[in-house]
Structures are given as structure tokens and as C-alpha cells.
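See below for the structure under consideration.
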Amino acid sequence: MSYRIGVISGDGIGPEIVAEARKVLDCISKKYGHKFEYEEILMGGCSIDAVGVPLTEEAIAQAKASDAVLMGSIGGNTATSPWYKLEPNLRPEAGLLKLRKSLNLFANLRPAYLYEELKEACPLREDIIGDGFDMMIMRELTGGLYFGERKTELADGVMTATDTLTYSETEIRRIAKRGFEIAMKRRKKVTSVDKANVLDSSRLWRKIVEETAIDYPDVSYEHMLVDNCAMQLVKDPKQFDVILTENMFGDILSDEASMVTGSIGMLSSASLNDTKFGLYEPSGGSAPDIAGMGIANPIATILSAAMMLRYSFDLDKEADAVEQAVKQVLKEGYRTIDIMPREDEKKSSVTKVGTKEMGDLIVERIERI
Ligand code: IPM
Ligand code: MG
């Protein structure tokens, strides 16, 4: 089969990690006889530098014309980069938010899984880690605070900023359905996370989740307040299967969950709409402090490419091969710097590798499968 893949390399470590994911996809295409056609799409700081805006209409059209989009990361150092002197709607992140909205990518899946081999990189105590954990964060991605009306103005002579948090029952219902459907394919448990003791939007969220749950009698579900969830994620991460939550809570909790799995450099993500199209990106940022050094972990991007094979192209066997190769390389002790165990906790022999070597190793393992 032939597939058109839009590629957003972006900023910071983006181009380095995307290059490794492309190597992996090229290997898959050769081994399994598929044709992947890539088209570079400009977004983020690099787009600002080239054409003055973080995302052009042409870039949106390119993304829409693709079967799926693979993305690295966008943005720079918010304290020092000139991009952050621009109007907020002209900054790199505004490009990503606009792309998500334009493509209606309302469902963001972020799997957080502790690899057996990475237990040593997990900052939690051994008795908390136990047999490890495996959760899916289902984050609503096109509503809430990130898309509400915002303004900064003088109110009675005092500078005042306002952001609005709005959710309609339609927006809540469609993401809740996705959450329960994913749970049906997993351990059949949904933890819906909100702040219903304070926010109206959360109270509506709770009501709609309860209504949705009726259609999924095999799935057990519970509500959890977001502050408690932040605590439970480090106290007892094993309890979670699917975490279903709104945009900002999901943004924050997924970073926390990634750290619990050892490193944000391991966390892949898929942003989906009602079609087979998806935008696949690592959950981490552009890490400008290590950009160009060849040390960034490409695994989250490679696993995002595997999600693309699985969810957008229905190539399960090929996705399995990528995931198996990642596991194998970890088992053999290869680590980028972010997943190196601390000296005092080193129990097995490990080899430190850079971004390119990690990509090459994974490619070699796929070839051998
Ligand atoms: C993420 C990122 C983005 C978000 C930023 C870059 C706008 O943090 O994908 O989690 O907040 O959604
Ligand atoms: Mg984030």
C-alpha cells in the first residue's frame, strides 16, 4: 500500500528525532513492501523564521491532504527566544493549537508504560513500582482553556488577564465515548479526572461521563479530582488504566505520568479525529537546551510512528515490529542519557548511545525480526 505522510520536523530537537523515526519507517516500508511518501510541512518557530507566521493556510492544506502527519516538536526557550516577543497568536505553540483545531483532532492518546528494562530509570520506590504499570491518558485536545476567549486589558486601571474555560456537552460526550472504547480494549477501567468541587465545566464533564458510562456496562469507572490524581500518579500508578480528562489537566498529568515511566523521551502520542487521519508526536517538547547535540531520545517519536502505523494505516504487524525492536534494544542495555540509571542504582550493564545510534539500533532489530 502507498501512504502520504506529512512531516513536521519543527524546532529544537524536532529535526533530529524525526530523522530517526523516518529511518524506522523506511525500514518498515522496505521490509513489508509499503510505499511511504513524505512531504515536509513547516510549522512552529522555523515557520516564523521562514514566512513570519507559525502555521500557514498552505501548511494546513498539506496536512489535510496527507494520510497522517508525523511531528517532532515545536517552540523554543520561552525566556530567551525572540519568538516569545511576538504577539501570542504568532508564537510557535499557536501554530500547533491551530493545526489541532483545523483538523478537529479532539482525542489525544498518550500511553504511559513502564518498560521492565527501565525500572531503574523510574524515580519511584521499588515497592511502588511493583510489576510496573501501563496506563493510557485520553486528553481532550480542542476545547477548554487552551481554546477559550482570552484577553489582557486594563480593568479599573489595573492590568487584568482573562482566560475562559468552556466545554459543551457534545465535546465532552465524544471524548468520553473514545475513553470508554479504548478501555474496552484494555483493562476496562476509566478514571475520569476533573475539578468538580470547584468548576462548572467539571460538573458538566462528570454528568456526561456518567451518561456515557451507561453504554459501557463492562467498564468500571470512577471520578477523581485532578489534585488527588496528581498525587495518586506517584503514590500508586498501578491503579490506573484509562485516565480520561480535559485539555489542561491532560497536558499536566501526561507530563507527570511520563516522568513516572522514566522519561518524557519515551512517551508517544496520537491526536485523532473522527476519520483515520492522525497527528503523531512525542509528548515532550523541543528541549532547546540539548538541540543539535545528538543526545535526544528518539524513542517517543519512533513509538509515535508505530502508533501511526497502527491507528491510521491499520498496519498492526508493522507497528508490533517497531515496538518489539524498541523493547529489544532496551533489553540489550542501550540507553540515551535521559534513561540512564543513576550510578547508585545501576544493577545491569548499560551502554550510553546518542540519538542516531539509538535509531540505527532499532532499525537493525526490525531488520532481524
Ligand atoms: C503538549 C504541549 C503543547 C500543549 C504545547 C506545545 C502547546 O505541551 O502537546 O503537551 O500544551 O498541548
Ligand atoms: Mg504538554
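We did not get these values from a lab; they are worked out from the coordinates using the rules stated. Treat the numbers as computed from the prediction; the structure is a model and nothing was measured. All Cβ positions, glycine included, derive from the backbone under ideal geometry; neighbour counts span all protein chains shown.
Below, the figures for the structure above:
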quantity	calculated
Virtual paramagnetic centre 7 Å along Cα→Cβ of T80, amide N under 20 Å, in region 1-40	11-16
Calculated FRET efficiency for the pair E169/D227, C-beta based, R₀ 30 Å, to 0.05	0.75
Volume per residue of the C-alpha convex hull in the chain, rounded to whole Å³	150
Average Cα contact separation per residue, region 125-260, under 8 Å, 6 or more apart, as relative contact order %	37
Amide N of region 162-199 lying under 18 Å from the label point, which is placed 7 angstrom from the Cα of K151 along Cα→Cβ	162-166
Per-residue ³J(HN,Hα) for region 224-236, Karplus 6.51 cos²θ - 1.76 cosθ + 1.60, θ = phi - 60°, Hz, x for Gly and Pro	9, 6, 4, 5, 5, 4, 4, 6, 4, 4, 9, 7, 7
Cβ-based net charge around M184, under 13 Å, with every Lys or Arg adding one and every Asp or Glu removing one	+3
Point-to-point label distance, S220-K327, nm (Cα→Cβ direction, 7 Å offset)	2.6
Computed E for I337/K185 - FRET, C-beta separation, R0 22 angstrom, nearest 0.05	0.05
Relative contact order (%) - region 171-246, alpha-carbon pairs under 8 angstrom, separation at least six	46
Contour excess over end-to-end distance, with Cα ends at V158 and T351 and 0.36 nm allotted per residue	63.8 nm
Residue-wise HN-Hα coupling along region 244-255, computed from phi with Karplus coefficients 6.51, -1.76, 1.60 (Hz; x: Gly, Pro)	10, 7, 7, 4, 5, 4, x, 4, 6, 5, 6, 5
Vicinal HN-Hα couplings computed from phi for region 297-307 (Karplus, 6.51 cos²θ - 1.76 cosθ + 1.60; Hz; Gly/Pro x)	7, x, 5, 4, 6, 5, 5, 5, 4, 5, 4
